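Shown next, in C-alpha cells, is the structure this report addresses.
The values are calculated or read from the model by the stated rules, or taken from the named source; none is laboratory data. All of these numbers come straight from a predicted model, not from anything done at the bench. No Cβ is skipped: glycine too gets one built from the backbone with ideal geometry, and neighbour counts run over all protein chains shown. With ligands, DNA and RNA removed, areas are computed over all heavy atoms of the protein, side chains included. Shrake-Rupley method; radii C 1.70, N 1.55, O 1.52, S 1.80 Å.
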Amino acid sequence: MKKGYILVRIIIEDHDLFKEYPILSGPIMEKFGGKYLVRGGKFKIKEGDWPADRTTIIEFDSFEKAQKCYESVEYKKAMEIRNKSTKSELILIEGY
C-alpha cells in the first residue's frame, strides 16, 4: 500500500498565535498515525522560489489515513489557528 503525506508550506503572520498550532496539531497527527519527517527547520533555496517561512511533511500509512486526519473533528481547532496566524498551502499527496 502506498503511503500518504500531508505537505504544508506557511508564511507566519501572527507569531504569538501560531505558537499554539504545533502544540495542538502534533498530538492529533500522531493519533492518526502521522510521523513528522520535516517540521520547520533550516532550509536553503537552491532553485526557484519557495514562498514559505516553514515547511512540514507528515507521513501516514495511507492516503486515506492522511485524509481522515486532515478532515477530523480534532484537527479543526488547530486548522483554525493555522489559518488565522498564517498564509498557508497544504496538500495531501500519495507517495512511497
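Looking only at residues of segment 13-38 that are open to solvent by 80 Å² or more (accessible area, probe 1.4 Å) and of a type in the set (A, V, I, L, M, F, W, C), we find that the one that is nearest to Lys87 (Cα to Cα) is Ile23.
Tell me, please, whether a residue that is open to solvent by 20 Å² or more (accessible area, probe 1.4 Å), over 21 Å from Gly95 (Cα atoms) and within 14 Å of the chain's Cα centre (by Cα) can be found in segment 59-73. No, because not a single residue in segment 59-73 is open to solvent by 20 Å² or more (accessible area, probe 1.4 Å), over 21 Å from Gly95 (Cα atoms) and within 14 Å of the chain's Cα centre (by Cα).
If a residue has to be under 14 Å from the mean Cα position of the chain (by Cα) and either at pLDDT 95 or above or small (Gly, Ala, Ser) (or both) to count, how many in segment 40-53 make the cut?
Selection size over segment 40-53: 3.
Please specify each residue of segment 81-96 satisfying the condition of being open to solvent by less than 100 Å² (accessible area, probe 1.4 Å) and over 13 Å from the mean Cα position of the chain (by Cα).
Answer for segment 81-96, where residues must be open to solvent by less than 100 Å² (accessible area, probe 1.4 Å) and over 13 Å from the mean Cα position of the chain (by Cα): Ser85, Gly95.
Entry remark, segment 49-58: residues being surrounded by 14 or more Cβ atoms within 10 Å (Cβ to Cβ), within 25 Å of Lys3 (Cα to Cα) and not basic (Lys, Arg) number 5 in total.
Go through segment 1-12 residue by residue and tally those that are buried (at least 16 other Cβ atoms within 10 Å of the Cβ) and either among the polar types (S, T, N, Q) or over 15 Å from Leu92 (Cβ atoms) (or both).
2
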